[in-house]
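Participant: Got a structure for you, questions after.
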Amino acid sequence: MSAAANVLKLAVQPAYELWAVSYDSTPNAMLALEERSFSASATEFFNKDVVELGCGTGRWLKRLEGVAKSLTGVDSSGAMLARARVKCEPSTLLTQANCLRTPLPDGSADCVLSSFVLSHLPELTEFAREATRIVRPGGTILISDLHPDRALYGWRPTFHAPDGLVEVEAHSYTLRELVDVMQDAGCTLQRLEEPCFSDEDAAIFERAGKLDELRRIAYLPAMYRARFVMTKRDS
């Protein structure tokens with residue numbers, strides 16, 4: 001995350017094609033925070049058919065191998081999926097498609113996972129419609145994303161490329177809007193967490209020369225993690 005002013009702004013697709021080269025190798029405090037938050041709930045996925053919408057380089061798919069019953073990742077970036085294909089087992093199905101319009105069958109997942117995707121979408125309704133189409137009744141939809149309050153901190157989604165800093169296209173929404181959209185699609189919110197950066201993240205911030213930034217934003221919500229349960233499906 002960065003508040004820098006002079007950056008190259010790119011749409012989501014070209015940005016992630018460019019980011020794929022360094023995505024897994026560059027320390028990322030936001031991803032580390034998410035991984036700490038998720039690590040305590042690995043049993044959530046045990047023996048489940050899991051679909052990840054916006055799987056990127058397969059970061060979560062790889063972690064869930066040997067835990068989930070089946071794993072399917074969908075992403076629109078060919079470069080990100082190429083990294084995932086190297087990383088993941090052959091049994092993990094990877095599909096290049098828009099995560100809002102996938103070729104997956106209705107009711108094909110016990111759990112739909114989406115990590116740092118929603119802030120790149122212009123609106124949430126299509127995501128809610130697709131996620132609830134894929135998940136089975138009683139199944140779960142787990143969403144993590146940048147916290148909506150990030151704009152108040154001056155944060156923007158950025159990464160370092162060979163030619164400089166790149167800002168990825170992002171859109172704003174509130175947690176209330178997310179909950180309302182998911183409820184309208186037939187889901188019930190079961191849990192909402194808002195993790196913060198802390199001293200555990202100091203090493204990554206120090207490596208980036210941003211310890212002062214950590215002190216400024218520590219204990220402010222950096223991301224959120226929401227768990228929804230599919231309670232009904234439209235007839």
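The values are calculated or read from the model by the stated rules, or taken from the named source; none is laboratory data. Note that the structure is a prediction, hence the values are computed from the model and not measured. Using ideal geometry, Cβ is built from the backbone for each residue, glycine included, and neighbour counts are taken over all protein chains shown. Each accessible area value is taken on the protein alone, full model and side chains, heavy atoms only, with ligands, DNA and RNA left out. Shrake-Rupley method; radii C 1.70, N 1.55, O 1.52, S 1.80 Å.
Participant: If you take the alpha carbon radius of gyration of segment 13-68 and divide it by 2.2 N^0.38 Å, what ratio comes out, to two decimals? Before the final figure, lay out each step's value.
Facilitator: Details: Rg = 12.7 Å, N = 56, 2.2 N^0.38 = 10.2 Å.
The value comes to 1.25.
Participant: Normalised by the number of residues in segment 74-227, what is the relative contact order in percent for Cα pairs under 8 Å and 6+ residues apart?
Facilitator: On the way: 205 pairs, mean separation 33.6, N = 154.
Across segment 74-227, relative contact order equals 22 percent.
Participant: With an 8 Å cut-off on Cα pairs and a minimum separation of 6 or more residues, tell me the relative contact order of segment 88-142 in percent.
Facilitator: Numbers: 50 pairs, mean separation 25.6, N = 55.
Reported relative contact order: 47 percent.
Participant: Summing -39500 (n - 2.57) over the DSSP H runs of n ≥ 4 in the chain and dividing by its residue number, what mean residue ellipticity at 222 nm do you reach, to the nearest 500 deg cm²/dmol? Please report the intermediate quantities before stating the final value.
Facilitator: Working: 9 runs with 72 residues, N = 235.
Computed mean residue ellipticity for the chain: -8000 deg cm²/dmol.
Participant: Same structure, new question: Would you mind pulling out the separation of the Cα centroids of segment 201-226 and segment 124-147, in Å?
Facilitator: Each part's Cα centre sits 28 Å from the other's.
Participant: For the chain, take the longest principal axis of its alpha carbons; what is the angle in degrees between that and the long axis of helix 78-87, to the nearest 10 within 0 to 90?
Facilitator: 80
Participant: Along the charge dipole of the chain, which of Pro162, Thr102, Gly56 sits closest to the positive end, that is, farthest toward it, with unit charges on the beta carbon of Lys, Arg, Asp and Glu (+1, +1, -1, -1)?
Facilitator: Thr102
Participant: Further question: Taking the Cα centre as origin and putting +1 on Lys and Arg beta-carbons and -1 on Asp and Glu beta-carbons, what dipole magnitude results for the chain, to the nearest 20 debye? Walk me through the numbers on the way to the answer.
Facilitator: Numbers: 26 positive and 32 negative charges, 74 e Å.
Computed charge dipole of the chain: roughly 360 debye.
Participant: If you line up the long axis of helix 125-134 against the longest principal axis of the chain, both from Cα atoms, how many degrees apart are they, to the nearest 10?
Facilitator: 50
Participant: Using heavy-atom solvent-accessible surface (probe 1.4 Å) with all chains present, what is the largest-first order of Ser22, Ser172? Intermediate values should be presented prior to the final figure.
Facilitator: On the way: Ser22 25, Ser172 105 Å².
The most accessible residue leads, giving Ser172, Ser22.
Participant: Right, another one. Which whole number in µm²/s is D for the chain by Stokes-Einstein, with the Kirkwood Rh taken over Cα pairs at 25 °C and 0.890 mPa s?
Facilitator: Working: Rh = 18.2 Å.
My calculation gives 135 µm²/s for D.
Participant: Here's something else I'd like to know. Based on Cα positions only, what radius of gyration and what Dmax would you give for segment 7-129, in angstroms?
Facilitator: Reported Rg and Dmax, both Å: 14.1, 44.
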